[in-house]
1. Taking only region 66-78 into account, find how many residues are surrounded by 14 or more Cβ atoms within 10 Å (Cβ to Cβ) and part of a helix (DSSP H, G or I).
2. Kindly indicate whether residue 92 is exposed (fewer than 15 other Cβ atoms within 10 Å of the Cβ) and either under 23 Å from residue 253 (Cα atoms) or at pLDDT 95 or above (or both).
3. Given the conditions (1) within 10 Å of the chain's Cα centre (by Cα); (2) assigned to a loop (DSSP other than H, G, I, E, B); (3) modelled with pLDDT of 95 or more, report the number of the one that residue 140 does not fulfil.
4. Regarding region 38-59, can at least one residue be identified that is farther than 27 Å from residue 119 by Cβ, surrounded by 15 or more Cβ atoms within 10 Å (Cβ to Cβ), in contact (Cβ under 8 Å) with a residue 24 or more places away in the chain and touching a helix residue (DSSP H, G or I) at 6+ places or on another chain (Cβ under 7 Å)?
5. Just one of 86, 63, 109, 81 is free of Cβ contacts under 8 Å to residues at least 60 places away in the same chain, surrounded by fewer than 24 Cβ atoms within 10 Å (Cβ to Cβ) and either touching a strand residue (DSSP E or B) at 6+ places or on another chain (Cβ under 8 Å) or more than 24 Å from residue 264 (Cβ to Cβ) (or both); which is it?
6. Any residue that is over 28 Å from residue 174 (Cβ atoms) and touching a strand residue (DSSP E or B) at 6+ places or on another chain (Cβ under 8 Å) - is there at least one of those in region 236-252?
7. Out of all the residues in region 161-181, which are part of a loop (DSSP other than H, G, I, E, B) and crowded, with 20+ Cβ neighbours inside 10 Å?
8. Of all the residues that make up region 115-137, how many are in a helix (DSSP H, G or I), in contact with a helix residue (DSSP H, G or I) (Cβ under 9 Å, 6 or more places away or on another chain) and within 11 Å of residue 10 (Cα to Cα)?
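The values are calculated or read from the model by the stated rules, or taken from the named source; none is laboratory data. Because the structure is a prediction, the values reported are computed rather than measured. Counting neighbours? That spans all protein chains shown, and the Cβs are built from the backbone with ideal geometry, glycine included.
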């Protein structure tokens, strides 16, 4: 019997958000709206998103002994996340600096803070073994993610969103079931030297199905490529399949990918096949972009059902 449906191992940040008419270019200053402070971080976001949907969820993370850390703990607990494994100290709480334009698109800079102090020594096998599924991201040290993979008990599923993207060791790729990427993350993992069919070095080929197949060839057991309003693609040994999304008016895309990954991981742990779980996750992500912020935008299961009706 598992204590948790999902254990998230990852970051917890305070999101400092400013609305802008357009995002600045290099060397440019633009005026924005009032600053808003929200609980965020890819790890905390995933944990809150899953708990809102009804999953028994825990978070393994590290925050500072400061106001931002208390904000995060309060948000996690109010959503129903078990915070027993949220550690304190080592550095100030991580901060994400976010600009959001009128279309809802965002740009993000992260100061890791305490997230960078979540080490291999903080990874405890008994915590990992209490969950059906373990989900991770890359806003914590890569060595910590590798330690999670090495400590995974037999039968525990591992889901990874490699964000921010960077090269992954073979042992981590081999554990991913699935590896969840957006367009940018897919391009980085596939490298900048793909020819795109031109014979010249350049961008990765523009066909997302090709991205999925190429990523699968790197070693993960399955791959999901998220495509925003276009839904997603799922890929495993049986091939590539498209998963539709739901048409909504996007207000703010901040944290929508985290909601997608959390919902996907939870439904996979409940025994759903990858395309079915991804279809549900696409609806969760669609619901999340209809409200501002990250964690405060995440829907309940009833709200997802209403969106799909």
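1. Initial filter on region 66-78 (surrounded by 14 or more Cβ atoms within 10 Å (Cβ to Cβ)): 66, 68-73, 75-76.
After this cut, where a residue has to be part of a helix (DSSP H, G or I) as well, the list is 68-73, 75-76.
So the answer is 8.
2. Numbers: exposed (fewer than 15 other Cβ atoms within 10 Å of the Cβ): no; either under 23 Å from residue 253 (Cα atoms) or at pLDDT 95 or above (or both): yes.
It is false that residue 92 is exposed (fewer than 15 other Cβ atoms within 10 Å of the Cβ) and either under 23 Å from residue 253 (Cα atoms) or at pLDDT 95 or above (or both).
3. (1)
4. Our first condition is that a residue be farther than 27 Å from residue 119 by Cβ; within region 38-59, this holds for 52-54.
Right, trim to surrounded by 15 or more Cβ atoms within 10 Å (Cβ to Cβ) and you get 52-53.
Going one step further and asking which of them are in contact (Cβ under 8 Å) with a residue 24 or more places away in the chain, we end up with 52-53.
Filter again for touching a helix residue (DSSP H, G or I) at 6+ places or on another chain (Cβ under 7 Å), leaving 52-53.
Yes - at least one qualifying residue is present in region 38-59.
5. Values: 86 fails: free of Cβ contacts under 8 Å to residues at least 60 places away in the same chain; 63 fails: surrounded by fewer than 24 Cβ atoms within 10 Å (Cβ to Cβ); 81 fails: surrounded by fewer than 24 Cβ atoms within 10 Å (Cβ to Cβ).
Exactly one residue qualifies, and that residue is 109.
6. So the first thing to find is which residues in region 236-252 are over 28 Å from residue 174 (Cβ atoms), and the list is 244-252.
Next, from what is left, pick out any that are touching a strand residue (DSSP E or B) at 6+ places or on another chain (Cβ under 8 Å): 245, 252.
Yes; the residues of region 236-252 include at least one that is over 28 Å from residue 174 (Cβ atoms) and touching a strand residue (DSSP E or B) at 6+ places or on another chain (Cβ under 8 Å).
7. Residues of region 161-181 that are part of a loop (DSSP other than H, G, I, E, B), as a first pass: 161-169.
Passing the criteria: 161, 162, 163, 168.
8. Of the residues in that region, 1 qualify.
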